[in-house]
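This structure is in structure tokens; I'll ask about it shortly.
The values are calculated or read from the model by the stated rules, or taken from the named source; none is laboratory data. Quick caveat: nothing in here was measured; it's all calculated off a predicted structure. Ideal geometry is used to build each Cβ from the backbone, glycine not excepted, and the neighbour counts take in all protein chains shown. For the accessible areas, the whole protein counts, side chains as well, though only heavy atoms, and no ligand, DNA or RNA atoms are used. Shrake-Rupley method; radii C 1.70, N 1.55, O 1.52, S 1.80 Å.
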Amino acid sequence: MEILGIDIGGSSLKGGIVDTNTGKLITPSHKITTPENREPDEMAAAVKEMLNHFSYTGIVGCGFPTIVKKGICKHEGNLSRKWLDVDVDGLFEKTTGQEFTVINDADAAGLAEIKYGAGRDATGFALMITVGTGLGSGAYLHGELIPNFELGQIPYKEYEKIEEWAASSIKTEQNLSYKDWAYRFNIFLNHVFRILNPDVIIVGGGISNDWDKFEKYLDVDTRLIPAQLRNESGILGAAIAAKSKYNR
């Protein structure tokens, strides 16, 4: 089945039409800059722009960069506080006229990696960490999603949340070397390991394209692997989630 997947991030929305039987994009991905205020109406308009770009009608899967429970935004994350308690599914459906399945963006990326990518042979408890504007996380036990792990929200020293110190956006803002940034990211990974003891951690997000530049600085007592699907994983996983919801 061919389903539009959209991956909403702090800096951009990325979308593409996915063959959910093969886990492959059948169109080039398209990118739209995230509205600067990151507020509901403006972001819904950007989602509609994505559908218009593909002239798409049908069910839509969408990865969303914070906690979503039964379609409702439960934390603003790196978005506007106006998102709190918004029915994200309902807002996007009202704006576009199409049916939506909205899940956490890291959950979506991990679904794709578990089904089609680096985690397809993983057993036991797997974590997906997406590194970008923040630190997203998805958890999977024997291949089944445990939704809404938000490990980037762990407080650290004077920081309200550790992603304010260790996300790749901070690397860019502070012009950190890969070594200096990886020192921070490694502390985050070790906190996560001590709390959850995962069998494997999959590292995704845009910075995973540079895995060979910082892998040597990471030291965690579990298996660490880079995501294989890279920037497409959120799009693919969102489409997979929509197919699963509607059993089509």
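Can you tell me which residue within segment 196-224, out of those that are open to solvent by 30 Å² or more (accessible area, probe 1.4 Å) and without any contact (Cβ under 8 Å) to a residue 24 or more places away in the chain, is nearest to the chain's Cα centre (by Cα)?
Asn209
With respect to Glu232, is the statement that it is open to solvent by 50 Å² or more (accessible area, probe 1.4 Å) and in contact (Cβ under 8 Å) with a residue 40 or more places away in the chain true?
Considered against the rule, which asks whether it is open to solvent by 50 Å² or more (accessible area, probe 1.4 Å) and in contact (Cβ under 8 Å) with a residue 40 or more places away in the chain, Glu232 comes out as yes.
Is it the case that Leu79 is within 19 Å of Ala167 (Cβ to Cβ), more than 13 Å from the chain's Cα centre (by Cα) and not polar (S, T, N, Q)?
When the stated conditions are applied, Leu79 passes them.
Consider segment 15-27. How many of its residues are open to solvent by 10 Å² or more (accessible area, probe 1.4 Å) and in contact with a Gly (Cβ under 7 Å, 6 or more places away or on another chain)?
Count: 2.
Among the residues of segment 96-115, is any among the basic types (Lys, Arg) and either more than 16 Å from the chain's Cα centre (by Cα) or open to solvent by less than 10 Å² (accessible area, probe 1.4 Å) (or both)?
Checking segment 96-115: not a single residue is among the basic types (Lys, Arg) and either more than 16 Å from the chain's Cα centre (by Cα) or open to solvent by less than 10 Å² (accessible area, probe 1.4 Å) (or both).
Would you confirm whether any residue within segment 46-67 is polar (S, T, N, Q) and closer than 30 Å to Phe185 by Cα? Spell out the reasoning first.
Let us first name the residues in segment 46-67 that are polar (S, T, N, Q), namely 52, 55, 57, 66.
Next, from what is left, pick out any that are closer than 30 Å to Phe185 by Cα: 66.
Among the residues of segment 46-67, at least one is polar (S, T, N, Q) and closer than 30 Å to Phe185 by Cα, which makes the answer yes.
Given the conditions (1) under 20 Å from Ala167 (Cβ atoms); (2) hydroxyl-bearing (Ser, Thr, Tyr); (3) open to solvent by 60 Å² or more (accessible area, probe 1.4 Å), report the number of the one that Ser55 does not fulfil.
Unmet for Ser55, out of (1) under 20 Å from Ala167 (Cβ atoms); (2) hydroxyl-bearing (Ser, Thr, Tyr); (3) open to solvent by 60 Å² or more (accessible area, probe 1.4 Å): (1).
Where in segment 1-60 are there strands (runs of 3 or more DSSP E), lying wholly inside it, with at least 1 residues that are without any contact (Cβ under 8 Å) to a residue 24 or more places away in the chain?
Answer list for segment 1-60: 12-19, 30-33.
One line per residue, one yes/no per condition, for (1) in contact (Cβ under 8 Å) with a residue 60 or more places away in the chain; (2) closer than 21 Å to Pro35 by Cα:
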residue: Gly63; (1), (2): yes, yes
residue: Val68; (1), (2): yes, yes
residue: Cys73; (1), (2): no, yes
residue: Ser80; (1), (2): no, yes
residue: Trp83; (1), (2): no, yes
residue: Val86; (1), (2): no, yes
residue: Gly90; (1), (2): no, yes
residue: Leu111; (1), (2): yes, no
residue: Arg120; (1), (2): no, no
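Exactly one of (1) under 21 Å from Lys24 (Cα atoms); (2) modelled with pLDDT under 90; (3) open to solvent by less than 40 Å² (accessible area, probe 1.4 Å) is unmet by Gly132. Its number?
Here Gly132 meets the rest and fails (1).
OK, next. Would you mention how many residues in segment 67-82 are surrounded by fewer than 23 Cβ atoms within 10 Å (Cβ to Cβ) and closer than 15 Å to Thr130 by Cβ?
Of the residues in segment 67-82, 2 are surrounded by fewer than 23 Cβ atoms within 10 Å (Cβ to Cβ) and closer than 15 Å to Thr130 by Cβ.
Residue check: is Leu141 surrounded by fewer than 15 Cβ atoms within 10 Å (Cβ to Cβ), of a type outside the set (Phe, Trp, Tyr) and free of Cβ contacts under 8 Å to residues at least 24 places away in the same chain?
So Leu141 fits the description; yes.
Still on this model: Within segment 35-47, does at least one residue satisfy the condition of being open to solvent by 30 Å² or more (accessible area, probe 1.4 Å) and under 22 Å from Leu229 (Cβ atoms)?
No, every residue in segment 35-47 fails to be open to solvent by 30 Å² or more (accessible area, probe 1.4 Å) and under 22 Å from Leu229 (Cβ atoms).
Sticking with this one: From Ala238, Ala182, Ala227, Ala166, which residue is over 19 Å from the mean Cα position of the chain (by Cα), open to solvent by less than 10 Å² (accessible area, probe 1.4 Å) and in contact (Cβ under 8 Å) with a residue 12 or more places away in the chain?
Step by step, each of Ala238, Ala182, Ala227, Ala166 is checked, and only Ala182 is over 19 Å from the mean Cα position of the chain (by Cα), open to solvent by less than 10 Å² (accessible area, probe 1.4 Å) and in contact (Cβ under 8 Å) with a residue 12 or more places away in the chain.
From the set of residues in segment 185-194 that are touching a residue at least 12 places away in the same chain (Cβ under 8 Å) and out of contact with any Lys or Arg (no Cβ under 9 Å at 6 or more places or on another chain), which is farthest from Ile162 (Cα to Cα)? Please lay out each step first, then the result.
Taking segment 185-194 and keeping what is touching a residue at least 12 places away in the same chain (Cβ under 8 Å), we get 185-193.
With the extra rule that they be out of contact with any Lys or Arg (no Cβ under 9 Å at 6 or more places or on another chain), the set shrinks to 186-193.
Details: Asn186: 12, Ile187: 10, Phe188: 7, Leu189: 11, Asn190: 12, His191: 10, Val192: 11, Phe193: 15 Å.
This residue is Phe193.
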